[in-house]
Amino acid sequence: MTQQQKILCPVCGGPVPIFNKDRINRCEYCAAPMLGSSQNRDCVNHKGTLAKEVCHICGDLLCEKCEEKRVGEYGGKLLTIVNCSKEACVTESSWAKPLNEEYLELVNMDWSDRMDNLILRITGLGAIIMMVFELIFFLGMLYFQYLTPWSVPAFTYFGLPEWITTPINILLLSIVGNLLAAILLQSALQVYVHERQLGAGVTLLVILVIEVAHLLFRGLLFGLLGLPNPVFLPMLLGAFLFGTLLVFIGSLMAMYVGNKKRKQFKDARVKLNLSV
Amino acid sequence: MTFGIFGIIATIGLLIATIDGTLGSIGYIYTLLIFGGVAFPCLAIGYYVDDFRRWAVMSQILYSFIAVALSALLIYVQGLSYSWTFPLFGAENFEIAIGNVAAFIIASQTVIILYLVIRADRVLPPKGVKVVRELTPAGLAEIGEIPTPMDPALLASDGMTTLTPGEEKKILDVRRVVTEEGMAILCSNCGGATPLSKTKDDNTVDCDYCGVVLGVSSVFVPCENHGEYLAATTCNVCGNHFCRQCLTVQEPPVDKKWEASAIYLCRKCFEGRYRPAVTTASLVIPIDNLFTSAGGRFARVGSMYRSFLGVYGNAMKHLWRLPLELLASIGKSGGGGGGSGDSCAGAILLIIIIIIAIPLLAGVLMLLGAIIIIPILFYAGLVAVTIEAAKIISRTDFVSVDSARVKSLVMKRRMKATESKLRPAVRSWDDSYRSEQLKREWERRRQESFRQDYQRTQRERARQRAESFWGSG
């Protein structure tokens with residue numbers, strides 16, 4: 001290596017000044033640890049055992065036997081840190097709680113990764129179809145009401161004239177429809193969160209029923225069966241049914257998998273004598 | 001520019017309708033007006049519109065006046081129920097209620113005129129302001145970038161100077177991301193894979209492709225997902241080891257104790273699926289924000305109306321004289337009899353129009369405009385949320401450190417930080433509550449410091465008073 005060459009961080013590409021030859025050095029930019037120029041890669045306490053972690057306080061290389069993992073809230077986020085058994089390092093790391101490895105093992109949810117991906121895609125696609133459906137429904141209603149001779153049946157209240165109540169009816173009912181679709185989409189995303197999967201599945205089913213009822217109500221109120229356009233209504237209904245079917249299937253799957261996870265959480269806590 | 005494109009579309013449509021005979025000979029005049037008044041000027045000056053923003057605002061007001069006048073003329077001549085029928089793919093007729101479209105134009109353009117006039121102090125840029133016309137630098141000023149110390153250019157083997165585009169292309173063309181010699185280290189400069197067997201005694205590796213010297217990660221552990229790569233570093237949330245292809249990077253917390261300039265996250269933690277002792281993961285669609293902002297916009301329309309009334313009231317102070325003088329002259333000529341009653345009624349009508357009808361009409365127009373524009377903005381928000389959700393569902397919102405570097409090299413610009421707004425738990429330090437909390441803390445400290453200064457000054461004054469009373473000797 002020539003004098004002019006800089007050592008770059010293999011993570012971010014920032015410069016790594018080598019101050020310590022036999023200890024770790026940190027990237028100037030991202031603070032990722034790098035080996036010193038003459039540093040051994042073994043654990044400081046067990047020669048011949050390749051190190052697997054670095055103490056975040058003193059920078060010593062540690063094997064699995066010597067490391068202690070902790071989880072702590074830092075800047076509003078849960079971060080994992082590793083410290084060695086030196087008193088100073090333990091004290092410095094005390095802002096984080098030691099990681100309960102046994103509990104972590106018992107509540108490991110990796111088994112559901114593939115299934116959760118599938119559920120997220122099914123419910124998500126269904127909810128997006130519903131969202132798009134609601135947007136097209138609103139635009140379609142505006143088009144048919146104001147740009148064609150067809151109009152929704154007159155429905156007045158509070159003694160207000162029809163030219164005020166009609167757009168308000170269309171707007172308010174469409175916003176309610178969009179709100180339901182947004183809640184549906186929100187719940188569809190929540191099925192990917194372990195703790196919320198069961199609840200999200202139930203919510204999806206409930207909101208789906210309300211959404212269907214709301215659509216039927218709007219259809220009857222607006223007299224959509226009398227729409228002169230032969231394409232718009234069947235196309236919308238087809239999209240709506242497809243979206244409904246996807247959300248329905250996804251919600252059932254979410255409830256099934258979510259319930260299994262709930263039992264797993266409960267069993268883990270019972271096994272470790274933690275409060276259920 | 002967009003107006004110009006719409007203008008061209010409208011011109012073509014009008015021309016077809018005129019040739020088709022639907023519009024009659026007046027169609028040619030409309031075609032010419034739309035082309036000359038909208039399409040051509042907008043396309044010609046669209047790109048430079050920010051440079052001439054003052055003129056653009058005034059032109060917009062003029063244009064809106066013309067649009068209102070033309071639409072009003074159309075309604076006056078043809079009536080509100082006037083409509084056109086077009087053949088649609090030969091299957092059925094496509095009918096457009098042109099009278100209603102004209103009414104919409106009148107309402108919307110009137111709102112635009114009122115808005116531009118009332119908010120002139122805001123819509124007109126201050127004199128001497130520098131306009132950044134190109135989208136890229138203008139966008140970068142507002143949107144954060146993925147944290148990286150590297151410019152969007154390939155570094156030479158010295159790790160400092162940048163390569164020419166030709167040399168860069170040569171390296172990117174030949175570099176490989178896999179090796180046949182066991183575990184490899186991925187280069188943070190070019191992304192190429194160099195076998196670990198080439199590690200030198202000083203714990204550095206020369207990249208096989210670009211030649212930069214890479215430090216070796218502190219632990220010799222393979223990536224959790226790619227056994228063929230040495231882990232670059234650990235995920236800050238779960239603590240597991242990953243390569244550059246499996247980590248994304250974010251700005252660090254607002255917390256000043258954080259020494260590094262980056263937070264690395266694996267996909268699992270980015271998606272909030274890691275479950276240590278406790279977890280806080282959620283995907284939240286900001287529905288409440290959409291409604292709040294829609295409500296806020298209605299409130300802004302209300303405040304605009306209030307401002308309008310204020311300006312209107314001030315203007316009326318000066319305009320009062322005219323009707324009052326008129327009334328006075330009527331009063332003086334009152335004794336003469338015949339016709340003075342009509343003049344008086346006319347003057348009163350004029351006053352009523354000035355005082356009541358104009359502000360009321362402005363209010364109604366603003367409300368109508370708000371009813372049209374605010375739902376459009378609300379729906380635009382919903383569309384943006386849907387697109388974000390689609391990214392999450394297709395799992396394309398995770399941008400790895402490696403792919404961000406390659407993209408920045410190819411696109412020759414720094415990559416934007418495109419974390420989804422629907423994942424607040426991923427950037428919990430970024431939320432408004434936290435920043436507000438920091439601001440409050442800063443304000444509390446400032447007030448505390450002010451209070452201490454005040455008390456010190458008071459004590460000093462009391463001491464001086466005591467000294468002057470008892471004498472300093």
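The values are calculated or read from the model by the stated rules, or taken from the named source; none is laboratory data. Quick caveat: nothing in here was measured; it's all calculated off a predicted structure. With ideal geometry, Cβ positions are generated from the backbone for all residues, glycine too; neighbour counts draw on all protein chains shown.
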Scan the stretch B:366-381 and give yes if some residue there is surrounded by fewer than 19 Cβ atoms within 10 Å (Cβ to Cβ), modelled with pLDDT under 80 and over 30 Å from B:ILE112 (Cβ atoms), otherwise no.
no
Taking the condition in a strand (DSSP E or B) and either more than 10 Å from every other protein chain (Cβ to nearest Cβ) or surrounded by 15 or more Cβ atoms within 10 Å (Cβ to Cβ) (or both), does A:VAL71 pass?
yes
All-but-one check, A:CYS43 against (1) surrounded by 19 or more Cβ atoms within 10 Å (Cβ to Cβ); (2) facing chain B (nearest Cβ under 7 Å); (3) not aliphatic (A, V, I, L, M), failing number (2)
With the requirement that a residue be at pLDDT below 90, aliphatic (A, V, I, L, M) and touching a Lys or Arg at 6+ places or on another chain (Cβ under 7 Å), what does the stretch B:177-233 give you?
B:VAL219, B:VAL221
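Kindly check whether there is at least one residue in the stretch B:101-108 that is modelled with pLDDT of 75 or more and over 19 Å from B:LEU368 (Cβ atoms).
No, because not a single residue in the stretch B:101-108 is modelled with pLDDT of 75 or more and over 19 Å from B:LEU368 (Cβ atoms).
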Cβ pairs under 7 Å, 6+ apart or interchain, first in the stretch A:100-125 and within 12 Å of A:HIS194 (Cα to Cα) and among the acidic types (Asp, Glu), second at pLDDT 85 or above and not in a helix (DSSP H, G or I), ordered by first then second residue, are A:ASP116/A:TYR192
Out of the residues in the stretch A:86-123 that are part of a loop (DSSP other than H, G, I, E, B) and more than 10 Å from chain B (Cβ to nearest Cβ), which is nearest to A:SER187 (Cα to Cα)?
A:ALA96
I need the full set of residues from the stretch B:6-47 which are in contact with a Phe, Trp or Tyr (Cβ under 6 Å, 6 or more places away or on another chain) and within 23 Å of B:PHE65 (Cβ to Cβ), in order please.
B:THR11, B:LEU14, B:CYS42
Could you check B:ARG451 against (1) modelled with pLDDT under 80; (2) assigned to a helix (DSSP H, G or I) and say which number it fails?
(1)
Specify which of the listed residues (A:GLY250, A:GLY238, A:GLY226) is buried (at least 18 other Cβ atoms within 10 Å of the Cβ) and not aliphatic (A, V, I, L, M).
A:GLY250
Name every residue in the stretch A:2-35 that is more than 32 Å from the chain's Cα centre (by Cα), at the interface with chain B (Cβ under 7 Å from one of its Cβ atoms) and surrounded by 20 or more Cβ atoms within 10 Å (Cβ to Cβ), in order of residue number.
A:ILE7, A:LEU8, A:VAL16, A:ILE24, A:MET34, A:LEU35
When both residues are 6+ apart or on different chains and their Cβ atoms are under 9 Å apart, which pairs have a first residue that lies in the stretch A:37-55 and is closer than 17 Å to A:VAL90 by Cβ, and a second that is among the hydroxyl-bearing types (Ser, Thr, Tyr)?
A:ASN45/A:SER85; A:GLU53/B:SER218; A:GLU53/B:THR234; A:VAL54/B:SER218; A:VAL54/B:THR234; A:CYS55/A:SER93
Can you pull out the residues in the stretch A:192-249 that are within 14 Å of another protein chain (Cβ to nearest Cβ) and polar (S, T, N, Q)?
A:GLN197, A:THR203, A:ASN229
Just the residues that are modelled with pLDDT of 80 or more and polar (S, T, N, Q), please, taken from the stretch B:1-38.
B:THR11, B:THR18, B:THR31
Could you please find all residues in the stretch A:75-87 being buried (at least 20 other Cβ atoms within 10 Å of the Cβ) and closer than 21 Å to B:GLN250 by Cβ?
A:LYS77, A:LEU78, A:LEU79, A:THR80, A:ILE81, A:VAL82
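Which residue is farthest from B:ALA156 (Cα to Cα), if the candidates are limited to the stretch B:193-249 and must be among the β-branched types (Val, Ile, Thr) and more than 9 Å from chain A (Cβ to nearest Cβ)?
B:THR248
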Could you please let me know if B:PRO165 is away from every other protein chain (no Cβ under 14 Å), under 35 Å from the mean Cα position of the chain (by Cα) and more than 14 Å from B:THR194 (Cα to Cα)?
yes
List pairs: first residue in the stretch B:146-162 and at the interface with another protein chain (Cβ under 10 Å from one of its Cβ atoms) and in a loop (DSSP other than H, G, I, E, B), second residue buried (at least 20 other Cβ atoms within 10 Å of the Cβ) and of a type in the set (Lys, Arg) anywhere in the structure, Cβ distance under 8 angstrom, at least six positions apart or on different chains.
B:THR148/B:ARG405; B:MET150/B:ARG405
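Hey, could you check the stretch A:46-68 for residues that are of a type in the set (D, E, K, R) and part of a strand (DSSP E or B) and say which is nearest to the other protein chains (Cβ to nearest Cβ)?
Filtering first and then ranking leaves A:GLU53.
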